[in-house]
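Structure first, then comments.
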Amino acid sequence: MKIAIITGASSGLGREFALQIDALKEVDEIWLVARRRDRLEEVGALLKTTARVICADLSVREGVIAVQQALEARAPHIKYLVNAAGFGKIGSYRDIPLDEIDRMIDLNCKGAVDVTQICLPYCSRGSKILEICSTAAFQPFQYLNVYAASKSFLYRYSRALNTELMAEGIDVTAVCPYWIKDTEFISVAEEGQRDAGTPSYIHGFPFAQTSQEVVCRALGDAKIGLSVSTPGLVCTVHRFAAKILSANIMMALWEHIRKMGSGSRD
């Protein structure tokens, strides 16, 4: 049995990956993994491919074990693994509670690595692994410091793992999008600021993309075996600028950019 496993599948990029992989008609089942069962079932109902719902919190070991047990019970061939589970928080180091910081690291780093590790025995030549990183992986970001650091970790893990797996014909693609305007990411990231009534640290999100655009480009890049997918002009320019300019210069540029705009999400 050939399957796709998508974490964070209840909304946002994970949901869109499920819809677009379903349209490819390349797998027998799509396994949807996230915490919210009702949302997973809603996504599953939209698919023509058979959907299997696994309700699991991947920021804790029990959630990873739930996925591992499902794999051991069915022993499928994994055609696609999409690690889209993750979240970020915008704010000063003073604003973000310690438990939120810990969960960000546990989900964005440990959760993604653990799921990848337990899935690898079920991958073989032609399998595609997409680790959803971020353009934030390319440099340090003040007021997104933990999130950016967690995505930098995942980016470097993905690049190294891709090289390790080349001989086996398994491709790992680090997907590094810019802001995405039609997911819950921005609203969740700004929650703490709204609740505390603190000023916004980022005043606008210009040139934000849609999840449909990002996923379409990411799947195309994975199909041709690219190790990095920058699905859009802004993130592509950012990637190469970060290679040329120092981190201090990039952070100084970000300091100006984050203060620009009127708060529009369009």
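Remarks
- The C-alpha atoms of the range 10-81 occupy a region whose extents along the principal axes are 32, 25, 17 Å, arranged from largest to smallest.
- Positive minus negative residues near Ile101 (Lys, Arg vs Asp, Glu; Cβ under 11 Å): -3
- Theoretical FRET efficiency, 1/(1+(r/R0)^6), r = Cβ-Cβ of Leu253 and Asp102, R0 45 Å, to 0.05: 0.90
- Measuring r between the beta carbons of Ile244 and Ser200 and using R0 = 41 Å, the FRET efficiency lands at 0.85.
- Cα-based values for the chain, radius of gyration first and Dmax second, are 17.9, 53 Å.
- Packing-based order for 98-108, 141-151, using average beta carbon neighbours within 10 Å, highest first: 141-151, 98-108
- At the listed q of 0.11, 0.15 Å⁻¹, the Debye profile of the range 101-195, built from one uniform point per Cα, gives log10 I(q)/I(0) equal to -0.36, -0.64.
- Per-selection Rg to Rh, the range 1-126 - Cα, Kirkwood hydrodynamic radius: 1.00
- 222 nm mean residue ellipticity, helices alone, for the chain (DSSP H n ≥ 4; -39,500 (n - 2.57); rounded to 500): -14000 deg cm²/dmol
- Debye intensity ratio in log₁₀ form over the Cα atoms of the range 68-111, taken at each q of 0.14, 0.19, 0.23, 0.26 Å⁻¹: -0.51, -0.70, -0.84, -0.95
- With contacts taken as Cα pairs under 8 Å and at least 6 residues apart, the chain reaches a relative contact order of 18 percent.
- Kirkwood radius for the range 61-143, taken over all pairs of different Cα atoms as the inverse mean of 1/r, rounds to 14.6 Å.
- Difference of contour (0.36 nm per residue) and Cα-Cα distance, Thr163 to Arg94: 21.0 nm
- 22 Å Cα cut-off, lysine pairs counted over the chain (separation 8 or more, or different chains): 25
No value in this document is a laboratory result; all are computed from the given coordinates. Please read these numbers as outputs of a predicted model, since none were measured by experiment. Counting neighbours? That spans all protein chains shown, and the Cβs are built from the backbone with ideal geometry, glycine included.
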